[in-house]
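The values are calculated or read from the model by the stated rules, or taken from the named source; none is laboratory data. Everything numeric here is computed off the predicted structure, so don't read it as measured data. Note: ideal-geometry Cβ built from the backbone for every residue, glycine included; neighbour counts use all protein chains shown. Calculation scope for accessible area: heavy atoms of the full protein, side chains included, ligands and nucleic acids excluded. Shrake-Rupley method; radii C 1.70, N 1.55, O 1.52, S 1.80 Å.
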Amino acid sequence: MAITIRDLADYKRQGRRFVMLTAYDYPTARLLAEAEVPVILVGDSVGDNVLGYANTLPVTMPEMLHHARAVARGAPELLLVGDMPFGAYQTSCEEAARNAAEFLKAGMHAVKVEGGGWVTNTVAFMTQRGIPVMGHLGLTPQSVNAFGGMRVQGRSDDARQRLIADAQALELAGAFAVVLEGIPRDLAAQVSSALTIPTIGIGAGPDCDAQVLIIYDLLGITPHTRGSVPKFARAYADIGDQIVTAARAYADDVRDGRFPDDAHSYH
Ligand code: KIV
């Protein structure tokens, strides 16, 4: 049965923790469906994890839609969230809704936008028009230049109060969930108990209603620009090392005449 935003609301009511993972392609989406992961985020983290950009800022709508369509073909039964890239929702509510509609036409069931404050109007504009929206507060990567680097947010009293107010405003605007990234654990706990919609943490401690990780951090594939796995992530596999080992073994076998052998030949 398909997962919907109503299921996430139920999970929060029932106190049932859940996970979201990023995916950017068809096979990964299929595998995550097999693993019964309920929510996939086609993140703009595709920029620094897949496309080789220094950060998420260069990612375009056509690039996002390309990956969104592949994921939608792989796991249409999961709740699929398309991440609005930088520039796709900052200029006007109309532009945001137009781009969000492209995500829904590409098979996504919802979109995600970063920020509080001014974004709240945009979120309300979209949710009133039938577009489910996930918020994203804290260390929002599209604001890396404004933050002067990837720094934990919400440390001062002011910043804490602002973040709590932003989260409540996003809920009021109709957001169905909020990602909390790179904030102190106790602040994430406070936000999670202040909201009736689920919080989804990444680098925000264990007291959120749900957790999200970038799939490559979980798999141990980290040749991307972030370098090693961040402090808040855990590699549950070492697929990166396995790829290198497998590619080396294949090259050695070909070089030494062990592959292809007779069993792998047509007769
Ligand atoms: O783009 C992304 O993958 C994200 C997650 C880190 C939440 O925004």
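Among the numbered criteria (1) within 17 Å of GLY201 (Cα to Cα); (2) open to solvent by 10 Å² or more (accessible area, probe 1.4 Å); (3) in contact with a Ser or Thr (Cβ under 9 Å, 6 or more places away or on another chain), which one does PHE86 miss?
With (1) within 17 Å of GLY201 (Cα to Cα); (2) open to solvent by 10 Å² or more (accessible area, probe 1.4 Å); (3) in contact with a Ser or Thr (Cβ under 9 Å, 6 or more places away or on another chain) applied to PHE86, the lone miss is (1).
Quick check, is ASP7 charged (D, E, K, R), outside any loop (DSSP other than H, G, I, E, B) and either surrounded by fewer than 17 Cβ atoms within 10 Å (Cβ to Cβ) or within 14 Å of the ligand (Cβ to nearest atom) (or both)?
Values: charged (D, E, K, R): yes; outside any loop (DSSP other than H, G, I, E, B): yes; either surrounded by fewer than 17 Cβ atoms within 10 Å (Cβ to Cβ) or within 14 Å of the ligand (Cβ to nearest atom) (or both): yes.
So ASP7 passes the test.
Quick one: which residue in ARG30, ARG69 is touching a helix residue (DSSP H, G or I) at 6+ places or on another chain (Cβ under 6 Å), in a helix (DSSP H, G or I) and either touching a residue at least 60 places away in the same chain (Cβ under 8 Å) or more than 24 Å from LEU139 (Cα to Cα) (or both)?
Numbers: ARG69 fails: touching a helix residue (DSSP H, G or I) at 6+ places or on another chain (Cβ under 6 Å).
After applying the criteria, what remains is ARG30.
For (1) closer than 18 Å to ASN49 by Cβ; (2) of a type in the set (Lys, Arg); (3) open to solvent by 50 Å² or more (accessible area, probe 1.4 Å), each residue gets a yes or a no:
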| residue | (1), (2), (3) |
| --- | --- |
| LEU170 | no, no, no |
| ALA173 | no, no, no |
| ASP207 | no, no, yes |
| ILE215 | yes, no, no |
| ALA233 | yes, no, no |
| ASP238 | yes, no, yes |
| ASP241 | yes, no, yes |
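Just name the residue that is farthest from GLY47 (Cα to Cα) out of those in the stretch 128-142 that are open to solvent by less than 40 Å² (accessible area, probe 1.4 Å) and polar (S, T, N, Q).
Of the stretch 128-142, the ones open to solvent by less than 40 Å² (accessible area, probe 1.4 Å) are 131-142.
After this cut, where a residue has to be polar (S, T, N, Q) as well, the list is 140, 142.
Details: THR140: 14, GLN142: 11 Å.
Top of the filtered list is THR140.
Looking only at residues in the stretch 109-127 that are within 16 Å of the ligand (Cβ to nearest atom) and not in a helix (DSSP H, G or I), which one is surrounded by the fewest Cβ atoms within 10 Å (Cβ to Cβ)? Walk me through how you get there before you give the answer.
Within the stretch 109-127, the first condition is being within 16 Å of the ligand (Cβ to nearest atom), and the residues that meet it are 110-116, 119, 123.
Subset that is not in a helix (DSSP H, G or I): 110-116.
Working: ALA110: 25, VAL111: 28, LYS112: 27, VAL113: 25, GLU114: 24, GLY115: 20, GLY116: 22.
Looking at the filtered set, the residue picked out is GLY115.
Right, ALA106: under 26 Å from GLU171 (Cβ atoms) and either more than 13 Å from the ligand (Cβ to nearest atom) or open to solvent by less than 20 Å² (accessible area, probe 1.4 Å) (or both) or not? Walk me through it before giving the result.
Working: under 26 Å from GLU171 (Cβ atoms): no; either more than 13 Å from the ligand (Cβ to nearest atom) or open to solvent by less than 20 Å² (accessible area, probe 1.4 Å) (or both): yes.
Judged against the criteria, ALA106 is not a match.
Check whether at least one residue in the stretch 40-58 is more than 16 Å from the ligand (Cβ to nearest atom), surrounded by fewer than 23 Cβ atoms within 10 Å (Cβ to Cβ) and assigned to a loop (DSSP other than H, G, I, E, B), and report yes or no.
Step one: filter the stretch 40-58 for residues more than 16 Å from the ligand (Cβ to nearest atom), giving none.
No: zero hits.
Given the conditions (1) modelled with pLDDT of 95 or more; (2) surrounded by fewer than 23 Cβ atoms within 10 Å (Cβ to Cβ), which single one is not true for ASN145?
Of the numbered conditions (1) modelled with pLDDT of 95 or more; (2) surrounded by fewer than 23 Cβ atoms within 10 Å (Cβ to Cβ), the odd one out for ASN145 is (1).
For a quick check of your reading: which strands (runs of 3 or more DSSP E) sit entirely within the stretch 144-262 and have at least 2 residues that are on the phi > 0 side of the Ramachandran plot and away from the ligand (no atom under 13 Å from the Cβ)?
Values: elements: 177-181, 199-202, 210-213.
Here the list is empty.
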